[in-house]
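**Q** Quick one: structure below, then a few questions.
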Amino acid sequence: MKNNISIILFAYNRPSHLRRVLIALENQNIHEINLFLDGPKNNNDKIIQKEIKQFFVNNKFNKKIKRNIFISKKNKGLAVSLKKGITKIAKKCKYIIILEDDCIPREGFFKYIKQNMNNLKNLKNIGAICCYQIPEIHEKFFSDKNLKTIELKYFIPWGWCVLSEHWLKFMKYDLNNERVKDSILNKIKKSVKDRKRIWSYGFIKYNYQKKLSYLYPSKSLVKNIGFDGSGINSKITDKFATKFSDSKKIDSFVVKNNRYTKLQRKSLLNKIKYFY
């Protein structure tokens, strides 16, 4: 995964979660990681972040992987930290893979993204590759030997990939110049009092206005461990849990079936309250 691809990992004050993500990355063919560490809010955060710096920087993490760390002196919050971090790296490469400290990439995560990069570049109606799959769809394909790619309408930012060019266009776009009528966006809008804290709302709205969809694996390639009460925005629940199902081969075609989008919409409408 060299050349025009950069991997970004965002963290704050959850060293145990971050360790689990890094262990998963050690077991995959990764050459370089860019870690963005948001600034501390208090002395307790400073102590925790010191621990994070020690095991990430001081050779307590895989020596074969080049490690770049960007530390903020002030606390920006996830939304600002993520947007500025992605924009910084987007100016240096063609593709960006984004993970957060509660998103564990399963085996096949990078292989799946790499195989779909040409689709991301060539299909004009695709805004990103998303690697978490909701349980309702995951279970339908659980016993399949092959992993399929499904085109879906809604974005889930738990392990994803975007073209740098697309991201930079999003960052320059005036999101206030158009109104949208969409059940998911309206639900998020009603659920979140301060939408500046939630960066994904703007990205979803931008892609909706551009009439763009997303590519998803038929089975989840990300395990989200953030619904344990440790996250700032998410609540405690097991409704997003999916079991690992090994698939050695990835089908080359893209599945387009509106019933999966309907299933995704229904699931997200019922579960938005847990993470917005």
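**Q** Restricting to the stretch 196-217, and then to whatever is of a type in the set (D, E, K, R) and surrounded by fewer than 21 Cβ atoms within 10 Å (Cβ to Cβ), can you tell me which residue is modelled with the lowest pLDDT?
**A** 196
Table: residues versus (1) charged (D, E, K, R); (2) buried (at least 21 other Cβ atoms within 10 Å of the Cβ).
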{"residue": "113", "(1), (2)": "no, yes"}
{"residue": "122", "(1), (2)": "no, no"}
{"residue": "125", "(1), (2)": "no, no"}
{"residue": "128", "(1), (2)": "no, yes"}
{"residue": "133", "(1), (2)": "no, yes"}
{"residue": "139", "(1), (2)": "yes, no"}
{"residue": "145", "(1), (2)": "yes, no"}
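**Q** So, residue 243, is that one within 19 Å of residue 155 (Cβ to Cβ), touching a residue at least 60 places away in the same chain (Cβ under 8 Å), in a loop (DSSP other than H, G, I, E, B) and of a type outside the set (S, T, N, Q) or not?
**A** Here the answer is no, as residue 243 does not meet what is asked.
**Q** Same structure again: Which members of the stretch 246-276 meet the condition of being in a loop (DSSP other than H, G, I, E, B), of a type outside the set (A, V, I, L, M, F, W, C) and under 18 Å from the mean Cα position of the chain (by Cα)? Working first, answer last.
**A** Taking the stretch 246-276 and keeping what is in a loop (DSSP other than H, G, I, E, B), we get 246-248, 256-257, 275-276.
If we keep only those that are of a type outside the set (A, V, I, L, M, F, W, C) too, we end up with 246-248, 256-257, 276.
Once the filter is applied, which keeps residues that are in a loop (DSSP other than H, G, I, E, B), of a type outside the set (A, V, I, L, M, F, W, C) and under 18 Å from the mean Cα position of the chain (by Cα), the stretch 246-276 yields only 276.
**Q** Could you grab the pairs with beta carbons closer than 6 Å, sequence gap of 6+ or different chains, first residue in the stretch 10-24 and farther than 21 Å from residue 80 by Cβ, second one assigned to a helix (DSSP H, G or I) and charged (D, E, K, R)?
**A** 15/51
Okay, residues lined up against (1) crowded, with 18+ Cβ neighbours inside 10 Å; (2) in contact with a Phe, Trp or Tyr (Cβ under 8 Å, 6 or more places away or on another chain); (3) at pLDDT below 90:
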{"residue": "179", "(1), (2), (3)": "no, no, yes"}
{"residue": "191", "(1), (2), (3)": "no, yes, yes"}
{"residue": "194", "(1), (2), (3)": "no, no, yes"}
{"residue": "219", "(1), (2), (3)": "yes, yes, no"}
{"residue": "240", "(1), (2), (3)": "yes, yes, no"}
{"residue": "255", "(1), (2), (3)": "no, no, no"}
{"residue": "271", "(1), (2), (3)": "no, yes, yes"}
{"residue": "274", "(1), (2), (3)": "no, yes, yes"}
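**Q** Continuing with this model, one more query. With respect to residue 73, determine if the residue is surrounded by fewer than 16 Cβ atoms within 10 Å (Cβ to Cβ), over 22 Å from residue 26 (Cα atoms) and touching a Gly at 6+ places or on another chain (Cβ under 8 Å).
**A** Considered against the rule, which asks whether it is surrounded by fewer than 16 Cβ atoms within 10 Å (Cβ to Cβ), over 22 Å from residue 26 (Cα atoms) and touching a Gly at 6+ places or on another chain (Cβ under 8 Å), residue 73 comes out as yes.
The values are calculated or read from the model by the stated rules, or taken from the named source; none is laboratory data. Only a predicted model underlies this, so the values are computations on that prediction, with no experimental measurement involved. With ideal geometry, Cβ positions are generated from the backbone for all residues, glycine too; neighbour counts draw on all protein chains shown.
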